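What follows is one structure encoded as structure tokens, with my remarks underneath.
The values are calculated or read from the model by the stated rules, or taken from the named source; none is laboratory data. As the structure is a computational prediction, the values presented were derived from the model and not from experiment. Here Cβ is always computed from backbone atoms with ideal geometry, including for glycine, and neighbour counts include all displayed protein chains.
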């Protein structure tokens, strides 16, 4: 892959403060949307000033960092705002499996941002004036559904096979995913899904990049200067039908040996991955409860200070894949996923987010998502499998996790 930057490729970026733009997602001019929004704050983008599609391989994060250093290092940047997310930004997503050739970085021509009472617009290249709206976003219409790689009985059989391997001492945990297809009569507009997800799940990170759209509750890493933060999620239950039912479910989740074991694997891995990169790191002894509109998770917020100059992409390389989306030991779990799932996950369960020219950025794990391809959406849901896992219960959990994107598609 050629990383050299020619004179004609050099980016010219200008960021200016603007009045509050209102709903960021509503300002997106066309379906090829780039977005990262939580509680109404974040950044959205459109157009492509630069793009790289990365091949698979263990060095894809290093290749991405090198490509960005070349592009941003050679750029002319006039940034009057100077906050994380201002100036030129690359939105990106990485394939879950190192073998998957499905990683991408996109530097948009326009970036609209809002954070902490400040708003800005970044323009890269010549400003053509206000973007025209080709057509307002329209719902996808009546959907039909079909199974992905494995139907429900076949997936339960895969879970049972994974439990046998775990009980046989081959590994401690593996995360198995399912896919599901939705078919629409017209091309599916990412803006419709983004708006619905942001409204229903405001506490999640609603994202869109190269057709992958979703709302993830899991912050893999945030870098702001020398500070980093991560939110480990593992262990899930559906919301109850009443406040009392909610309380009972929360109590069961907080005391469930299966879920606590699953969570401990994920939290320990994040600690072990970040510790060599940080001069200080704080990991809670026990998880807390994160409550979302459709599910509850066990959650552990992790914070640290980086030891030395490292971009958020450097930290991603150390973290991915976590046991929350792969398993442990990582290599054994990854081989078992390839054997039992019967599919390439693409960018599902891989890192998704953004990075700016300072190396700051926010990246989540691409969960609760769908890959859009014209009139088709491919949905994903995964479950952590340990020795006590029950295939029927895991299938029910996967169905619960599908509901976020089913809501986004069906309204």
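Brief remarks on what is shown
- Residue selection: residue 196 fails the criterion of being surrounded by fewer than 23 Cβ atoms within 10 Å (Cβ to Cβ) and either modelled with pLDDT under 95 or more than 26 Å from the chain's Cα centre (by Cα) (or both).
- Checking 379, 313, 367 one by one, the residue that is touching a residue at least 60 places away in the same chain (Cβ under 8 Å), assigned to a loop (DSSP other than H, G, I, E, B) and buried (at least 24 other Cβ atoms within 10 Å of the Cβ) is 367 and no other.
- Any chance residue 28 is farther than 30 Å from residue 332 by Cβ and surrounded by 15 or more Cβ atoms within 10 Å (Cβ to Cβ): yes
- Of the residues making up the range 282-300, those that are in contact with a helix residue (DSSP H, G or I) (Cβ under 7 Å, 6 or more places away or on another chain), buried (at least 17 other Cβ atoms within 10 Å of the Cβ) and at pLDDT 90 or above are 283, 287, 296, 298, 300.
- Among the residues of the range 216-250, the ones that are over 21 Å from residue 270 (Cβ atoms) and part of a strand (DSSP E or B) come to 2 in all.
- Within the range 336-364, tally of residues that are out of contact with any helix residue (DSSP H, G or I) (no Cβ under 9 Å at 6 or more places or on another chain) and free of Cβ contacts under 8 Å to residues at least 12 places away in the same chain: 0
- Filter result for residue 332 (touching a residue at least 24 places away in the same chain (Cβ under 8 Å), in contact with a helix residue (DSSP H, G or I) (Cβ under 9 Å, 6 or more places away or on another chain) and in a loop (DSSP other than H, G, I, E, B)): no
- Qualifying residue in the range 226-243 (condition: in contact (Cβ under 8 Å) with a residue 60 or more places away in the chain, more than 24 Å from residue 326 (Cβ to Cβ) and surrounded by fewer than 22 Cβ atoms within 10 Å (Cβ to Cβ)): yes
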